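The values are calculated or read from the model by the stated rules, or taken from the named source; none is laboratory data. As the structure is a prediction and not an experimental result, all values here were calculated from the model. Neighbour counts are summed over all protein chains in view; Cβ atoms, including those assigned to glycine, are modelled from backbone coordinates with ideal geometry.
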């Protein structure tokens, strides 16, 4: 069998051993009209990486790069579980997060001022269920971009690392990742780490550093293989122009600003922003007047030159004077304040303020039946703890159209969720679905860490018994040659001007989540180790402050549902549900309680009203209860009256016979003289014969109740 290439090119394939399996890259088989395309195989996983690069720069003030990850249900041999939608549509949150994961190590490796449109797409065509395909997708995207000839300074590669039986392992199974202490993704180039993201079960800083060292060594074969492919294909470099201010304009702007920045604008961020705005407007007005009609053609260059000068001023202050834009020490955290329980009807609420960054968190509790159903290419199941993050335009002082959350909001949602997940109590200890929503009130750097801290406060306020409280901090870095200057609790100016954005969350015991993004061409592990240690001190300081507001779970809100559980014989589930759900619907309708039944016989009963829960519980127990010899059943109905006695229903579906001789101490000529159908009587179960028939006695019940 052969494949025809309509362009007359030979299929080129390279392969190598990568973490114990063969990794292969193949070009010229598919994607004939792309700028570049590559098929990557690893085990049974096959990913198509495609790249498109525009021929000319576009008039934008940012680099128009888009990286997407496409999951296809057919890749896992699945059809969507939705009754109505069977084709892939909007990407799942997992796919969006993986797209961001691939984007983050790639984006910094393009020259500043590059304005050609670039799109990279990784499409999973076949998925080996033994490991996640995201890191193979990263390799596919990187390889495709390398083959375009564009000025991408890769290649990059990544691995997902777990701790299995005390040892580091790449490409661990989903079960190993879920049950283990660490799930860490590290991506980098030949010489340095570019991006780190991790969820952890309170691991130490030393364990994270060991995982990073393992990952940096593990990715090298995948990087070398991409270089080999580029060489074999003989990629032609693309011609391009950078959209940067001319050296003359930058020099003019720097000279104008020489005595206007520095110490003159080193103050609290609100005043600094106001001063910077005035300086910028004065600068643009100055050069507009100076250049006259020629100004409009170069206005954007002056705006870019101002932004560049502002960033250089921030870096200069930090490097030369250890002076941050707001005057803080390098390790100093911005002023903190927090409160809980200020929304009266919410099950839990908090307001966390750090400097000008503020996050409001609202927690809602619900029965387990409200868990989110997950149905993606990789996984299916339920999710009982959810965190959502919203940040409208007003939070940065802008007018923006409201809409569904973007990639950034989804990414911040996931990071804060990952930070708290290891300390969320088990379903057995706290049988609730939990939704935490962070509404950002004001953005000024580190909003995901504000979301983490405000979540902890609101969860405790809602009465959720966290294993331990969690705090988080964002760290920054300014490189002065080989000298790293690490900043604690960075704000936006330091983020824009710095070389790293590093977020870490954890408890007093260890790290729960980690996210690092480099803005330079990677960093050595020794620098990352320093940042981790400084971050540990910072998050401990923030946690101590939070615990002064709330340190233990509060009493649950009277508006939150109470959930109680009972266990029944699984064989009885059908009786509780009834034909077509008739019984369960009647119980919920009459008691007002919500009922969730699991296959193992566990029944969760939820309602804000304790009496409602008790009524539903009693009803269910009456359905599943087994008759007990010697027990008295009060006020139970007579089902039918016969010549020799009466049948009495002591529990749903359980009738027993009261013989005429057991109706009274006196002789009874006819049962109808004593009882009628529908009457309520009190009986005692005196025996169950070998055929399961119940023998009841009104006479014995009366004797026992009379104390005779």
Taking the residues in the stretch 645-658 that are surrounded by 16 or more Cβ atoms within 10 Å (Cβ to Cβ) and out of contact with any strand residue (DSSP E or B) (no Cβ under 6 Å at 6 or more places or on another chain) as candidates, determine which candidate is farthest from residue 619 (Cα to Cα). 654
Determine if the stretch 494-503 includes at least one residue that is on the phi < 0 side of the Ramachandran plot, at pLDDT 95 or above and assigned to a strand (DSSP E or B). yes
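Residue-wise test of (1) under 21 Å from residue 20 (Cβ atoms); (2) in contact with a strand residue (DSSP E or B) (Cβ under 7 Å, 6 or more places away or on another chain); (3) buried (at least 16 other Cβ atoms within 10 Å of the Cβ).
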{"residue": "158", "(1), (2), (3)": "yes, yes, yes"}
{"residue": "188", "(1), (2), (3)": "yes, yes, yes"}
{"residue": "230", "(1), (2), (3)": "no, no, yes"}
{"residue": "247", "(1), (2), (3)": "no, no, no"}
Of the residues in the stretch 331-366, how many are under 15 Å from residue 557 (Cα atoms) and within 21 Å of the chain's Cα centre (by Cα)? 8
Whether any residue in the stretch 671-678 is touching a helix residue (DSSP H, G or I) at 6+ places or on another chain (Cβ under 7 Å), at pLDDT 90 or above and surrounded by 13 or more Cβ atoms within 10 Å (Cβ to Cβ) is what I want to check. yes
Within the stretch 374-410, of all residues that are part of a strand (DSSP E or B) and without any contact (Cβ under 8 Å) to a residue 40 or more places away in the chain, the one nearest to residue 72 (Cα to Cα) is 374
Which condition number does residue 520 fail, the rest of (1) at pLDDT 90 or above; (2) within 30 Å of residue 275 (Cα to Cα); (3) not in a helix (DSSP H, G or I) being met? (1)
Which condition from (1) under 14 Å from residue 641 (Cβ atoms); (2) surrounded by fewer than 11 Cβ atoms within 10 Å (Cβ to Cβ); (3) in contact with a helix residue (DSSP H, G or I) (Cβ under 9 Å, 6 or more places away or on another chain) is the one that residue 667 breaks? (1)
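Condition check ((1) closer than 25 Å to residue 339 by Cβ; (2) crowded, with 21+ Cβ neighbours inside 10 Å) across all residues:
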position	(1), (2)
484	no, no
489	yes, yes
495	no, no
502	no, yes
508	yes, no
511	no, yes
514	no, yes
540	yes, no
Mind listing whichever residues of the stretch 403-430 are at pLDDT 90 or above and loosely packed, with under 13 Cβ neighbours inside 10 Å? 406, 426, 429
Quick check, is residue 81 out of contact with any strand residue (DSSP E or B) (no Cβ under 8 Å at 6 or more places or on another chain), surrounded by fewer than 17 Cβ atoms within 10 Å (Cβ to Cβ) and within 26 Å of residue 376 (Cβ to Cβ)? no
Any hit, the stretch 203-216, residues being touching a strand residue (DSSP E or B) at 6+ places or on another chain (Cβ under 6 Å) and part of a strand (DSSP E or B): yes
I need the full set of residues from the stretch 324-383 which are closer than 26 Å to residue 534 by Cβ and exposed (fewer than 15 other Cβ atoms within 10 Å of the Cβ), in order please. 327, 329, 331, 335, 337
Would you check which residues across the stretch 111-128 are over 18 Å from residue 149 (Cα atoms) and surrounded by fewer than 21 Cβ atoms within 10 Å (Cβ to Cβ) and list them? 123, 125, 126, 128
Among residues of the stretch 359-373 being out of contact with any helix residue (DSSP H, G or I) (no Cβ under 7 Å at 6 or more places or on another chain) and part of a strand (DSSP E or B), the residue farthest from residue 598 (Cα to Cα) is 364
Is it true that residue 661 is modelled with pLDDT of 90 or more, in contact with a strand residue (DSSP E or B) (Cβ under 7 Å, 6 or more places away or on another chain), assigned to a helix (DSSP H, G or I) and in the same structural domain as residue 686 (by TED's automatic domain parsing)? no
Quick check on residue 627: is it within 27 Å of residue 696 (Cα to Cα), at pLDDT below 90 and surrounded by 15 or more Cβ atoms within 10 Å (Cβ to Cβ)? yes
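The rows are residues; the columns are (1) within 27 Å of residue 431 (Cα to Cα); (2) out of contact with any strand residue (DSSP E or B) (no Cβ under 6 Å at 6 or more places or on another chain); (3) at pLDDT 95 or above.
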residue	(1), (2), (3)
316	no, yes, no
319	no, no, no
323	no, yes, no
337	no, no, yes
371	yes, no, no
385	yes, no, yes
388	yes, no, yes
Does residue 611 meet the test of being in contact with a strand residue (DSSP E or B) (Cβ under 7 Å, 6 or more places away or on another chain) and not in a strand (DSSP E or B)? no
How many residues of the stretch 417-447 are in contact with a strand residue (DSSP E or B) (Cβ under 8 Å, 6 or more places away or on another chain) and without any contact (Cβ under 8 Å) to a residue 60 or more places away in the chain? The answer is 2
Of the residues 275, 299, 231, which single one is without any contact (Cβ under 8 Å) to a residue 24 or more places away in the chain, in contact with a helix residue (DSSP H, G or I) (Cβ under 7 Å, 6 or more places away or on another chain) and not in a loop (DSSP other than H, G, I, E, B)? 275
